[in-house]
Amino acid sequence: MSPARTTAGAPISSIGRGIAVLGCFNERRRALTLSELSEKSLLPMSSTHRVVAELVAGGFLVRGSDRRYRIGTRVWSIGQLAPVSDQLRHRALPTLARLYEETGENITLAVLDRGQALYVDRIGGERSVHTASRAGGHLPLHTTGVGKVLLAWQSPEAIEKYLSRPLSRTTPYSIVDPVKLKTELMETKTRGYAVARQESTAGNGSVAVPILRGGRCVAAVGVVAHLTHMDIPRLVEVLQQAADSIRKELEDDH
């Protein structure tokens with residue numbers, strides 16, 4: 001449930017204010033001043049100062065020598081208790097590591113989170129290409145291989161709802177036509193894997209498959225590589241083996 005808000009849009013509950021301040025941070029905004037936090041959270045400066053002081057005291061924020069605030073380790077330690085980190089990531093990590101050794105490419109594991117692909121883990125190295133994904137980060141569903149998988153296995157109603165909203169164009173190759181994207185999602189589910197070509201990062205492509213439990217897609221595992229390295233049949237084969245291995249690990253956990 002969203003926190004109660006004033007007519008100006010600012011949250012009025014103490015918890016809502018704390019959520020609003022923490023929500024100001026993302027991949028591009030990792031360090032913010034007090035005035036920036038006030039502006040982005042829609043809170044008055046006096047309220048922002050009080051909330052930030054409490055978050056610092058609790059270890060949820062830290063204040064640097066540059067007078068900018070950053071996410072504290074308390075947020076990270078609590079986040080490790082979430083099932084997506086404690087169970088899925090822990091169980092999948094050995095398989096992801098083997099997949100990286102086998103392919104030498106970026107390996108990604110993602111779940112659906114509030115209409116986006118949340119990257120639970122990412123493994124890469126010197127042999128891997130640069131990607132926009134990072135563990136803990138979000139990317140649009142329609143521009144990535146893992147995202148397309150997560151979207152394709154949703155209900156028809158959920159897919160229609162996603163297609164009804166404006167689709168962001170990350171690169172000139174991003175599919176933003178709802179009709180074309182719907183066809184792509186149908187093909188993805190029929191063949192059992194998704195392919196994205198330069199739709200998130202120029203020069204890169206990705207292949208991904210679902211991790212299924214009881215017919216439901218609980219996560220997606222993918223490989224991100226330069227287009228010249230994308231041997232799709234081979235990558236689909238190793239990814240499907242990896243997905244099956246992760247599925248078995250999750251079943252053994254219950």
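Highest-first packing order for the peptide set 14-23, 104-113 is 104-113, 14-23, based on the mean count of other beta carbon atoms within 10 Å. Phi angles of segment 39-55 translate, via the Karplus equation with coefficients 6.51, -1.76, 1.60 and θ = phi - 60°, into HN-Hα couplings of 5, 6, 8, 6, 9, x, 4, 5, 5, 4, 4, 5, 5, 4, 4, 5, 5 Hz per residue; Gly and Pro are given as x.
Note that segment 140-149 has calculated 3J(HN,Hα) couplings of x, 5, 7, 10, 10, x, 5, x, 4, 4 Hz, one per residue in order, obtained from phi through the Karplus relation 6.51 cos²θ - 1.76 cosθ + 1.60 (θ = phi - 60°); glycine and proline are x. Ranking Ile232, Gly79, Gly222 by Cα position along the charge dipole of the chain, where only Lys, Arg, Asp and Glu carry charges on their C-beta atoms, puts Gly79 farthest toward the positive end. If a spin label sat at a point 7 angstrom from the Cα of Arg67 along the line to its beta carbon, the backbone N atoms of segment 11-40 nearer than 17 Å would be those of 31-39.
Averaged over all directions, how much area does the convex hull of the C-alpha atoms of segment 157-203 cover when projected, in nm²?
Working: hull surface 14.1 nm².
Dividing the Cα hull surface by four gives the mean projection, 3.5 nm².
Dividing the Cα radius of gyration of segment 10-71 by its Kirkwood radius returns 0.91 for Rg/Rh. In terms of packing, defined here as the mean over residues of other Cβ atoms within 10 angstrom, the peptides 36-44, 232-240 line up highest first as 36-44, 232-240.
Would you mind estimating how fast the chain diffuses translationally, via Stokes-Einstein at 25 °C and 0.890 mPa s with the Kirkwood radius over Cα pairs, in µm²/s? Don't skip to the answer; put the middle values down first.
Numbers: Rh = 19.7 Å.
Here the translational diffusion coefficient equals 124 µm²/s.
To the nearest 500 deg cm²/dmol, what mean residue ellipticity at 222 nm is calculated for the chain from DSSP H runs of n ≥ 4 alone, each contributing -39,500 (n - 2.57), summed and divided by the residues? Result for the chain: -12500 deg cm²/dmol, rounded to the nearest 500. Across segment 91-99, coupling constants 3J(HN,Hα) worked out from phi with the 6.51/-1.76/1.60 Karplus curve, θ = phi - 60°, read 6, 7, 3, x, 5, 4, 5, 5, 5 Hz, and Gly and Pro carry x. For Ala117, the residues whose amide H sits under 5 Å from its own are Leu139, Leu141, ignoring neighbours fewer than 5 places away on the same chain, with H placed 1.01 Å from N.
Amide H to amide H distances under 5 Å link Arg213 with Val218, where only residues 5 or more positions off or on other chains count and H is placed in the peptide plane. Take every pair of alpha-carbon atoms less than 8 Å apart whose residues are at least six positions apart; their mean separation over the length of the chain yields a relative contact order of 14 percent.
Here, each number is a calculation from the coordinates, and none is a lab measurement. On a predicted model such as this, the values are computed, not experimentally measured, just so you know. Positions of Cβ are backbone-derived with ideal geometry, glycine not excepted, and every protein chain shown enters the neighbour counts.
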